[in-house]
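What follows is a set of notes on a single structure, which appears directly below.
The values are calculated or read from the model by the stated rules, or taken from the named source; none is laboratory data. Since we're looking at a predicted model, the values are computed, not measured. All Cβ positions, even for glycine, are placed from backbone atoms using ideal geometry, and neighbour counts span all protein chains on display.
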Amino acid sequence: MNDKLSQMIAEKGFVLADGATGTSLFNLGLQAGDPPEFWNIDEPEKIRAIYQGSVDAGSDLFLTNSFGSNSSRLKLHNSASRAYELSKAAATLGREVADKSKRQVLVAGSIGPTGEIMGDAGWLSHRDAVSMFQVTAQGLIDGGADVLWVETISSPEEYNAAAEGISKVGAPWVGTMSFDTAGRTMMGTTSKDMVNMVKDMAYGPLAFGANCGVGASDLLRTVLGFSENSDRPIVAKGNAGIPKYVDGHIHYDGTPEVMATYALLARACGASIIGGCCGTMPAHLKAMRKALDGNPCGEKPTLKQISLALGEFSSKSDGTGDEARPERVRRGKRK
């Protein structure tokens, strides 16, 4: 397959990704606990509208509504056998929207975690995980995705299983992890660990980075860690502020102005693929687009500059160094 994403980065210098699929789904009426992937078949116009919102806001690429489209997650809704169908439908709708645009827009096939635990403490085998990822990947490519986008991964075992599953499809891919525990992923991976892992992979991502996590400040600190030794493009996809519970709903307090500042800082930190995660709506994306197009890349910011602009860090360390000793949480198997 042609690597359209790398070509776009080479031509533009940076790529604006999309915002929050989940937040948009809930705004359109999705109920907590309902599988959003069913809407690819049952509510296609709503999914097209979400995609179109990103395109209209200026995104160069958007992720498909297929985050949980794997047999492990879908079995919770008695639909494990629909992983390929729902993945393909998500990408097909995306292809329709992208192809209508008067400019080049890429469809990124979202692949989320299985929801199971791998490794010595887990019960999902590498072989089974690879098979799950391969089915989802094939559906997305058959539906017309330009690139596959693995996101919100916590363990290196699952990241590597996703890579192997995608290798069987032969597609280019991007892979991000979520650093939300004192600068580490839930399973203990640091920014340095991720850089080393990606470098050693037989079928590595064309770009890697971080998404979601705690807040934009923490995410950019992680991006700085990536940029010290990165040999490929870096992704920054941070949340629109910090979540707060308001009137029965989760609300993110990041304004479009704050996200515009975040976008500029992300580029200065070394990211060339910049987007938003939870809480990031078209209004935020429009502000990010305007800021990135209207300003040159700035000097790499200090941690103090980041915290002054976007808020204090949630932990003292980015998970690396002698002072970084996060508490280990013991987790039993799901019953």
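Of note:
- Any hit, region 62-84, residues being outside any helix (DSSP H, G or I), without any contact (Cβ under 8 Å) to a residue 12 or more places away in the chain and at negative phi: no
- Candidate set from region 293-314 (those that are closer than 10 Å to residue 265 by Cα and of a type outside the set (S, T, N, Q)); member that is surrounded by the fewest Cβ atoms within 10 Å (Cβ to Cβ): 299
- Selection of region 85-125 for residues being without any contact (Cβ under 8 Å) to a residue 12 or more places away in the chain and either among the hydroxyl-bearing types (Ser, Thr, Tyr) or closer than 20 Å to residue 150 by Cβ (or both) yields only 125.
- Just one residue in the set 285, 206 is over 18 Å from residue 183 (Cα atoms), out of contact with any Gly (no Cβ under 7 Å at 6 or more places or on another chain) and touching a residue at least 60 places away in the same chain (Cβ under 8 Å); that residue is 206.
- Single condition residue 247 does not satisfy, out of (1) among the charged types (D, E, K, R); (2) surrounded by fewer than 19 Cβ atoms within 10 Å (Cβ to Cβ); (3) modelled with pLDDT of 95 or more: (3)
- Residue within region 11-22 that is on the phi < 0 side of the Ramachandran plot and more than 18 Å from the chain's Cα centre (by Cα) present: yes
- Cβ separations smaller than 6 Å between residues 6+ apart or across chains give the following pairs from region 300-314 residues that are on the phi < 0 side of the Ramachandran plot to residues that are part of a helix (DSSP H, G or I) and among the charged types (D, E, K, R): 313/218; 314/218.
- For region 208-229, the set of residues classified as farther than 23 Å from residue 261 by Cβ and not aromatic (Phe, Trp, Tyr) consists of 229 only.
- Residues that are out of contact with any Phe, Trp or Tyr (no Cβ under 7 Å at 6 or more places or on another chain) and of a type in the set (Lys, Arg), drawn from region 17-56: 48
- Screening residue 269 with (1) out of contact with any Leu (no Cβ under 6 Å at 6 or more places or on another chain); (2) at pLDDT 95 or above gives one miss only, at (1).
- Per-region count, region 136-165, residues in contact with a helix residue (DSSP H, G or I) (Cβ under 6 Å, 6 or more places away or on another chain), outside any loop (DSSP other than H, G, I, E, B) and within 21 Å of residue 80 (Cβ to Cβ): 12
- Hits in region 85-113 (condition: part of a loop (DSSP other than H, G, I, E, B) and basic (Lys, Arg)): 102, 103
- For the condition in contact with a Leu (Cβ under 6 Å, 6 or more places away or on another chain), at pLDDT 95 or above, over 22 Å from residue 290 (Cβ atoms) and of a type outside the set (A, V, I, L, M), residue 110 qualifies.
- Matching residues in region 86-144 - criterion: being surrounded by fewer than 19 Cβ atoms within 10 Å (Cβ to Cβ) and closer than 14 Å to residue 48 by Cα: 95, 96, 99, 100, 101
- Residue satisfying all of: in region 212-233; over 19 Å from residue 309 (Cα atoms) and at pLDDT 95 or above; surrounded by the fewest Cβ atoms within 10 Å (Cβ to Cβ) among these: 227
- A Cβ distance below 8 Å, combined with a sequence gap of six or more or placement on separate chains, defines the contacts here; from region 21-48, residues that are farther than 21 Å from residue 88 by Cβ reach residues that are aliphatic (A, V, I, L, M) and surrounded by fewer than 16 Cβ atoms within 10 Å (Cβ to Cβ) in the pairs 26/32; 28/49.
- Among the residues of this structure, residue 168 does not count as one that is among the basic types (Lys, Arg) and either touching a Lys or Arg at 6+ places or on another chain (Cβ under 8 Å) or in contact (Cβ under 8 Å) with a residue 40 or more places away in the chain (or both).
- Every condition in (1) farther than 21 Å from residue 237 by Cβ; (2) among the charged types (D, E, K, R); (3) out of contact with any Asp or Glu (no Cβ under 8 Å at 6 or more places or on another chain) is met by residue 56 except one, and the failing one is (1).
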